[in-house]
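This report concerns only the one structure given below.
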Amino acid sequence: MGIAIIAGTRPEILKLAPVFRSLKKTALEPVWIATGQHGDLAKQALDAVDITPAFTLSGGWDPCSLTNLSAGLLYQLGRWIEKHHPRAVLVQGDTATAYSGALAAHLNKVPVGHVEAGLRSGDTNNPFPEESFRRLIAPIADFHFAPTRLAEKNLRLDGVRPRQIWVTGNTIIDTVLDMADHVSAPAILDQVKPGERIILLTAHRRESWGEGIAGICRAALELIRLHRDIRIIFPAHSNPRVRETVEAMLGATDRIHVIAPLAYPEFIAVLKASHLVLSDSGGVQEEAPSFDVPVLVLRETTERQEAIDAGVAKLVGTDPAVIVREASILLTQAHAHGRMASRKNPFGDGKASQRITGILARKLPAGKELRQAS
């Protein structure tokens, strides 16, 4: 069998889809394995990129329990790899699917390629459990596809050999640029009145559950009160720990729209139309600069320091007073907004998938030797 691409969450699907399409043009024979970690969100993402998995895991785990989820994924992926023994396994990012897929491959002596390798926040509790998962993948991966030079530096500091690291850019930029010209505007944009500016708000991080999400909601209420020309669109995560708080605090507020998660083309349409983004999402920090939209990051740390250094994003945490202050600066000071909106996207040029495919085509025949050498 060829290369197994293992994906279970919406971000993984969107970031691995261009790699899958690029690999299909070669003799490397990619096979898509869906774990279903994100359920309906994953199906929505697969539909958006027009991919039908070759194999889908049976599920049966509790997605709210990290131990149950990780154990179930490891067991089922391990059985699949034992049976089919692919030439290599590709995982992406820092999810339970990525870690379980990498470990299952490693335990079966199958080479592991890690897409978006080398991101680091420096704090294993923030974001949790993502920081731990990506650090745990690094020692067992054979091919480290770093999106930036900083990610490459992080991997070297972790002891990864330079000959196992390639700087490729981030594959989400491939997807964004491919999709940007043929997105479909969702109905929610019809409710935006002439002269109104859109704030796109997303929040779902586990470390923000409870008081963090509540603080973000309080900030949204205050922004609506202070700025009469804004409209907030909040595609709320389906997790009940997030959704219940958001709907209770914001659900009946004028000019705040708490809606179901958008299909990715619709999400890109809203992102393109936005004046400002408030988000704790890692992917949004990468996507928004492609459309000159500033991002205020609703977290205390970020593993995407490149966005901060480039000036396209700013850390604000979940303190309502800080969020309101920083958002108000960008809403009232055109020069401050312009400085953040005019910077180059630091995460790539849309050719990351081509680079990853070329590397695998050259290096996979030596995959067994690479594992023995590492």
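What about Lys153, is it over 30 Å from Ala269 (Cβ atoms) and in a loop (DSSP other than H, G, I, E, B)?
So Lys153 does not fit the description; no.
Restricted to segment 213-233, and to residues that are touching a residue at least 24 places away in the same chain (Cβ under 8 Å), among the charged types (D, E, K, R) and farther than 11 Å from Ile199 by Cα, which residue is surrounded by the fewest Cβ atoms within 10 Å (Cβ to Cβ)?
Once the filter is applied, the top-ranked residue is Glu222.
Is it the case, given these coordinates, that Thr253 is without any contact (Cβ under 8 Å) to a residue 60 or more places away in the chain, of a type in the set (Ser, Thr, Tyr), assigned by TED's automatic domain parsing to the domain that holds His335 and outside any helix (DSSP H, G or I)?
Judged against the criteria, Thr253 is a match.
Being surrounded by fewer than 20 Cβ atoms within 10 Å (Cβ to Cβ) and of a type in the set (Phe, Trp, Tyr) is true for just one of Phe267, Phe291, Phe347. Which residue is that?
Phe291
Just to be sure, is Ala236 buried (at least 20 other Cβ atoms within 10 Å of the Cβ) and aliphatic (A, V, I, L, M)?
Answer is yes for this residue.
What's the number of the condition Arg339 fails, among (1) surrounded by fewer than 16 Cβ atoms within 10 Å (Cβ to Cβ); (2) assigned to a loop (DSSP other than H, G, I, E, B)?
(2)
If I ask for residues that are touching a Ser or Thr at 6+ places or on another chain (Cβ under 8 Å), over 20 Å from Leu74 (Cα atoms) and not in a loop (DSSP other than H, G, I, E, B), which ones from segment 17-44 would you list?
Ala17, Pro18, Val19, Arg21, Ser22, Leu23, Asp40, Leu41
Would you please name the residue that is farthest from Gly282 (Cα to Cα), looking only at residues in segment 183-212 that are touching a residue at least 40 places away in the same chain (Cβ under 8 Å) and assigned to a helix (DSSP H, G or I)?
Gln191
The values are calculated or read from the model by the stated rules, or taken from the named source; none is laboratory data. Bear in mind that the values here come from a model prediction, so they are computed numbers and not experimental data. When we count neighbours, we look across all protein chains shown, and the Cβ atoms used for this are built from the backbone with ideal geometry, even at glycine.
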